[in-house]
Amino acid sequence: MPTGAMQPIEAIRVGEKGLIAVPPKYRKQHKLSKGSEVLLIQLGETLMVVPSDVTLFRLCERIQDALMGRGISVRQALKNLARVRRRRFQRLYGKG
């Protein structure tokens, strides 16, 4: 890994009351301080911690509106996510 590059995955432990601590290098990189809001986003079996951002909220609203415009609920979209990812991967990289 190049010097100074951030690891894309890091393990942390959930504390006694369900709290998690964001390591200092990530707090600095994402400008998080005491009281900063983060979002917990569940996509299928994946749970992501994402710094709260007005742009992200707007993007989520646009995605939801686009889905609704096609008659697709967010629940349906998430239900089909694994299948869509698999098909997209196969198209990009083959069935191997």
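The values are calculated or read from the model by the stated rules, or taken from the named source; none is laboratory data. The structure presented is a predicted model; accordingly, all values stated were derived computationally and were not measured. All Cβ positions, glycine included, derive from the backbone under ideal geometry; neighbour counts span all protein chains shown.
For segment 59-74, give me each residue that is more than 16 Å from the chain's Cα centre (by Cα) and under 16 Å from residue 42 (Cα atoms).
73
Taking the condition at pLDDT 85 or above, small (Gly, Ala, Ser) and in contact with a helix residue (DSSP H, G or I) (Cβ under 8 Å, 6 or more places away or on another chain), does residue 77 pass?
Considered against the rule, which asks whether it is at pLDDT 85 or above, small (Gly, Ala, Ser) and in contact with a helix residue (DSSP H, G or I) (Cβ under 8 Å, 6 or more places away or on another chain), residue 77 comes out as yes.
Could you tell me whether any residue of segment 55-62 is acidic (Asp, Glu), assigned to a helix (DSSP H, G or I), without any contact (Cβ under 8 Å) to a residue 24 or more places away in the chain and surrounded by 10 or more Cβ atoms within 10 Å (Cβ to Cβ)?
Looking for residues that are acidic (Asp, Glu), assigned to a helix (DSSP H, G or I), without any contact (Cβ under 8 Å) to a residue 24 or more places away in the chain and surrounded by 10 or more Cβ atoms within 10 Å (Cβ to Cβ), one finds at least one in segment 55-62, hence yes.
What do you reckon, is residue 20 among the aliphatic types (A, V, I, L, M) and in contact (Cβ under 8 Å) with a residue 24 or more places away in the chain?
So residue 20 fits the description; yes.
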